[in-house]
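Single-structure report; data block below.
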Amino acid sequence: MAVSNEFIEEVRRRNDLVAVASEYINLKKAGRNHNALCPFHNEKTPSFMVSPDKQIFHCFGCQQGGNVFTLVMKLENLSFLEAVEKLAKRAGLTMPAVARSREAVEKNKEQESLYEANELAAKYYEYCLQESTEAKTAQSYLQKRDLNAEVINKFRIGYAPQSGDKFLKAALSKGFKPEVLQKAGLLSYNGNRYYDYFRGRVMYPITDAKGKVVAFGARTLDDTKPPKYLNSAETPLFSKSKLLYGLNLASSAIRKTGQVLLLEGYMDVIACHQFGLENSIASMGVALTPEQVELVKRYCSKIVIIYDSDQAGVAATLRGLDLLVDSGLEVKVAVQSAAKDPDEFLHSQGREAFVGLVQKALSLIEYRLEQSISLTDLNTVEGKIYVANEILPLAARIKNIIEQKSEIHRLAQRLSLNEETLFQQLDKIADKGFRQKIGQSIQEETSAANGFVKAQSNLLQLFISDTNIYQQWQAQIAPGDITDQNLQSILAALAVLSQKQQIITPAEIIDYLQNEHLTGTIAKLALSPAEGTNTSHLAGELIHAIKNWHKKERYKTLTEEISRKLDAAETVDPELMQEYRELTRIFKGSKVGGRCADPS
């Protein structure tokens, strides 16, 4: 599916960013711009800025940024085309008819029919719970679980009748085909007839991030008839590894708190919401998957795992550790022993105690360390080796060097070992060695801080803030002169767009690149104040600095190459020698390179 650039531009023109953002967050005028508390992370002082002139936003706290499409995509968890469609509808525009393959049309038609089937089922089960005399057992069960009417309605909890065809008959009367209902996971087929897949169970609708029902979890009311919980089978809409239960209801609270509470089951999430802990979701009884981790990262950067206290809950937590170490998320584990699960804990200990549990949560390594220590005897060499072998591979994968050193310090204290001993062992485990990582980190930090990198960033900031300056200087600088790949991509986009139009806005650059990683960089550059007043002259100075750096690097390379050849009594290419002499004259003479001529 494709939409023309002209239509996208029309949608953007008709959707003022300030007006759209005001529908989601409380904006306040701040000079020429507007600011607010960031909707993407928890903060007390506003760092989220919206520019009505440039039609972009940027948070100087979490570095999120973009244009009106990006904002809606992030807040609503939509694709780009979905955001265009939503904003087009807001502006009273109709999405243009586009050519799609027959296969795509059929797939979309099938998906819609499956969504409709699941929505019908959810309404049917809700009705049965409230109105059916057969549902008294289910109502009693929910009362025993201390669920109030508000949370039952919020999570759309229902009841599937014991009969094998009541839902089937209700769905057929609405015109649904049994083949569609079976594909949605709502019917079974025994070779002779269709019958209801869920029977005599409390029903928990499972929705996607947009709130559409895609599957069900079902709890038996007769514990003598396993399984206790029965989930929908995998369908074109439902993949257990790619969804998180309750995310659509928790997304607002997750953004507000900047943290997600990850639980194990439906009832844990429902209980947390009833107690006002609405940033709670569940992995539905499975270890975290890469898809679920990426889903969490769209909403926040902090996660607290609170699984059941039994052996299965501990095992589930441990299975997710490896994945979370590399996630970039700040991950902690809340250890609770006063109850078998969060649901029971909340009802027996109360909300305040549960919040305290979350606040005392351990880091991933701390949690794994405590679990490992509980399984061995630290008074023996074998016990210490066991614990070290459990923890060091995880520590070796921690990207933050300071955090890594802190964990090694903690491990050394618990094992009564010298830190250097553990560092030596870490060298053997890490892919490239702990010391090498430190060296790389220092080198990267030094490179990021030097004048050359700063010059590139400042130059692009000037170009994006005022594209007239780019038009003046574009003949003097090429994307190949920029070593930072992100900035190089932005400069290349400017070069392409400048051939089509004179005035280029940051919002248009964002749309042209369609790169989520670059979006924040562009917004930050566009909203950062320029240094000095004569910005055109400053651009020339920065271009000179960038060109000069390349000359210096070339000079170093030639010096090493020619010295090596002379030491080996080899002939030096005359052209190389001439280039070397020219650069020597520049860097050893009284003048250090010529200035860029003012294009005006």
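The values are calculated or read from the model by the stated rules, or taken from the named source; none is laboratory data. The model shown is predicted, which means the values in this text are computed figures rather than measured ones. Cβ coordinates were reconstructed from backbone atoms using ideal geometry, including for glycine residues, and neighbour counts include every protein chain displayed.
Are any residues in region 379-410 in a loop (DSSP other than H, G, I, E, B), exposed (fewer than 14 other Cβ atoms within 10 Å of the Cβ) and of a type outside the set (D, E, K, R), and if so, which ones?
Asn379, Thr380, Asn400
So, in region 1-46, exactly how many residues are out of contact with any helix residue (DSSP H, G or I) (no Cβ under 7 Å at 6 or more places or on another chain) and closer than 15 Å to Leu75 by Cα?
10
Can you find even one residue in region 164-182 that is surrounded by 20 or more Cβ atoms within 10 Å (Cβ to Cβ), touching a residue at least 60 places away in the same chain (Cβ under 8 Å) and part of a helix (DSSP H, G or I)?
yes
Quick one: which helices (runs of 4 or more DSSP H) lie wholly within region 432-480 and hold at least 2 residues that are of a type in the set (A, V, I, L, M), modelled with pLDDT of 50 or more and outside the structural domain of Lys551 (by TED's automatic domain parsing)?
none
Tell me, yes or no, whether region 518-525 has at least one residue that is part of a helix (DSSP H, G or I) and within 18 Å of Ile543 (Cβ to Cβ).
Within region 518-525 (the criterion being part of a helix (DSSP H, G or I) and within 18 Å of Ile543 (Cβ to Cβ)), the answer is yes, since at least one residue qualifies.
So if I check each of Tyr141, Tyr125, Tyr197, Tyr159, which one is in contact (Cβ under 8 Å) with a residue 60 or more places away in the chain and buried (at least 20 other Cβ atoms within 10 Å of the Cβ)?
Tyr125 is the lone residue from the list that is in contact (Cβ under 8 Å) with a residue 60 or more places away in the chain and buried (at least 20 other Cβ atoms within 10 Å of the Cβ).
When residues of region 185-201 are filtered for being out of contact with any Ser or Thr (no Cβ under 8 Å at 6 or more places or on another chain), part of a strand (DSSP E or B) and farther than 14 Å from Tyr124 by Cβ, how many remain?
Total satisfying the criteria: 2.
Check region 226-240 and report whether any residue there is assigned to a helix (DSSP H, G or I) and over 23 Å from Glu76 (Cβ atoms).
Yes, the conditions are met somewhere in region 226-240.
For region 347-370, give me each residue that is of a type outside the set (A, V, I, L, M) and surrounded by 18 or more Cβ atoms within 10 Å (Cβ to Cβ).
Answer for region 347-370, where residues must be of a type outside the set (A, V, I, L, M) and surrounded by 18 or more Cβ atoms within 10 Å (Cβ to Cβ): Phe354, Glu366, Tyr367, Arg368.
Report whether or not Leu576 is surrounded by 13 or more Cβ atoms within 10 Å (Cβ to Cβ), at pLDDT below 85 and among the aliphatic types (A, V, I, L, M).
yes
For residues that are assigned to a loop (DSSP other than H, G, I, E, B) and crowded, with 20+ Cβ neighbours inside 10 Å, scanning just region 58-70, find the one that is modelled with the highest pLDDT.
Asn67
List every residue pair whose Cβ atoms sit under 9 Å apart, with the two residues 6 or more apart in sequence or on different chains, where the first one lies in region 359-386 and is without any contact (Cβ under 8 Å) to a residue 12 or more places away in the chain and the second, anywhere, is part of a loop (DSSP other than H, G, I, E, B) and small (Gly, Ala, Ser).
Hits for this filter: Gln359/Ala334.
Select from region 335-346 the residues that are in a helix (DSSP H, G or I), surrounded by 19 or more Cβ atoms within 10 Å (Cβ to Cβ) and not aromatic (Phe, Trp, Tyr) and list them in ascending order.
Scanning region 335-346 gives Pro342, Asp343, Leu346.
Where residues in region 241-278 are among the charged types (D, E, K, R) and surrounded by fewer than 19 Cβ atoms within 10 Å (Cβ to Cβ), which of them is farthest from Ala215 (Cα to Cα)?
Result: Lys256.
Please return the ranges of strands (runs of 3 or more DSSP E) entirely within region 1-57 where 1 or more residues are in contact (Cβ under 8 Å) with a residue 24 or more places away in the chain and under 27 Å from Tyr512 (Cβ atoms).
33-36, 48-51
I need the full set of residues from region 80-91 which are without any contact (Cβ under 8 Å) to a residue 12 or more places away in the chain and over 20 Å from Ser252 (Cβ atoms), in order please.
Glu85, Lys89, listed by residue number.
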